[in-house]
1. Quick one: compute the contact order of the chain, relative version, from alpha carbon pairs under 8 angstrom and 6+ residues apart, as a percent.
2. Please list 220-233, 239-252, 114-127, 27-40 highest first by mean number of surrounding beta-carbon atoms within 10 Å per residue.
3. List, in order, the whole-Hz ³J(HN,Hα) value for each residue of the range 200-217 obtained from phi through the Karplus relation with A = 6.51, B = -1.76, C = 1.60 and θ = phi - 60°; use x for Gly and Pro.
4. Residues in the range 27-51, backbone N under 15 Å from the label point at Ile288 (7 Å along the Cα-to-beta-carbon vector): list them, ranges by number please.
5. Taking the mean number of other Cβ atoms within 10 Å as a proxy for protection, how do you rank 64-76, 80-92, 143-155 from highest to lowest?
6. Rounded to the nearest 0.05, what FRET efficiency do His114 and Arg239 give with R0 = 41 Å and r taken as the Cβ-Cβ distance? Could you check?
7. With +1 assigned to the C-beta of every Lys and Arg and -1 to the C-beta of every Asp and Glu, and no other charges, what is the dipole magnitude of the range 68-169 about the Cα centre in debye, to the nearest 20?
8. Want the number for Ala156 to Phe176: 0.36 nm per residue separation, take away the alpha-carbon distance, what's left?
Amino acid sequence: MPAAPADALADWRPAPAMAARFAAWAAGMEGSSRSSALIRIGLAMLFWSRWAGELLLYRDQSPAGLFLAANFFLSTTLLFIGYHSRLAAVWTGSVGLAMYYYFGFDLGREPWTHHHAYLLAVAALLIALTPCDRSYSLDRYLAVTRAERMGVPPPAERGNLWGLRLIVVQLSVLYFFAAFDKSNYAFLSGARLEQIFLWFYAGSDYPSGFAWLATIVSVAVVVLEYGLAFGLPFRATRRYLVLPGLAFHAIIYVTLPVYTFSATMALLYLAYFDADAVDRVIARLQGIGSAATAGGEIS
């Protein structure tokens, strides 16, 4: 017997409800600005640690080189101290993309074409969509000063977190395609890992018994990256994946020349956690007031 119209309608109700919950999570959620501010500061430091030495004014004295260097140091300094923080984040990200394409593709400088340069630039652009200006910033100091002068309470350290959601999507897409790129015989057999080991460590002296280990590690890496892509966004699975994910990036940080990428990924893990829960941890550690009013413990 066909379902009654009311029953059929009931079958479709969960889909709009799920869509509404997703929309609320993605674009309608507000929370503490402190984790966004920490990411902002960390990104500025990562830009300096990777590119500052290569952008000193004597390095490239062409008009384009000097222009990019001046913009780099001005934008990242403003991003670090948090003055007009969101504008500084857009500025920094735009400079990062300009360097990525100018130095990397126009001039053919190989390190500038690597994925860590693009990830840094995109992360700076995405952090501009967060309330990263409302905590740990000169913007915050000036706002509190104005409030005291006017005799009103200081503005809340809170804001819309949709920029953090976009960072989560960016990381999940990155993990997925990193695993997808490795889902072939050349990597899963361990051959690519063997080549990397020979290039950086062993030279022409191939160690005995390494083939099986290379195969096991290669398969484990692909499984882990797929797991991180689909599991980190959800609290129920995140608790089992955060430590393996951070350990994975720590290992490749100290063993391979991917230190900027690894440090950037570890920093952006803050976006996965409930911002108010991060706020409460900071408040407990520092003995300061919490800006959070809702949210669960980090898990």
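1. Working: 372 pairs, mean separation 62.4, N = 299.
Relative contact order here is 21 percent.
2. On the way: 220-233: 17.9, 239-252: 14.9, 114-127: 21.6, 27-40: 23.1.
Top to bottom by mean Cβ count within 10 Å: 27-40, 114-127, 220-233, 239-252.
3. In residue order, the calculated couplings are 8, 10, 9, x, 8, 8, 6, x, 6, x, 7, 4, 5, 4, 4, 5, 4, 5 Hz.
4. Within reach of a label on Ile288, which here means backbone N under 15 Å from a point 7 Å along Cα→Cβ, the range 27-51 contributes 32-42.
5. Numbers: 64-76: 17.8, 80-92: 21.8, 143-155: 11.1.
Packing order, densest peptide first, comes out as 80-92, 64-76, 143-155.
6. On the way: r = 32 Å, r/R0 = 0.77.
Efficiency, rounded to the nearest 0.05: 0.85.
7. Numbers: 8 positive and 6 negative charges, 63 e Å.
For the range 68-169, the charge dipole is close to 300 debye.
8. Details: separation 20, 0.36 × 20 = 7.20 nm, distance 3.65 nm.
The span from Ala156 to Phe176 would gain 3.5 nm if fully extended.
The values are calculated or read from the model by the stated rules, or taken from the named source; none is laboratory data. All figures in this text were calculated on a predicted structure; none of them were measured in a lab. When we count neighbours, we look across all protein chains shown, and the Cβ atoms used for this are built from the backbone with ideal geometry, even at glycine. Just so you know, the surface numbers come from the protein's heavy atoms only, side chains and all, with ligands and any DNA or RNA stripped out. Shrake-Rupley method; radii C 1.70, N 1.55, O 1.52, S 1.80 Å.
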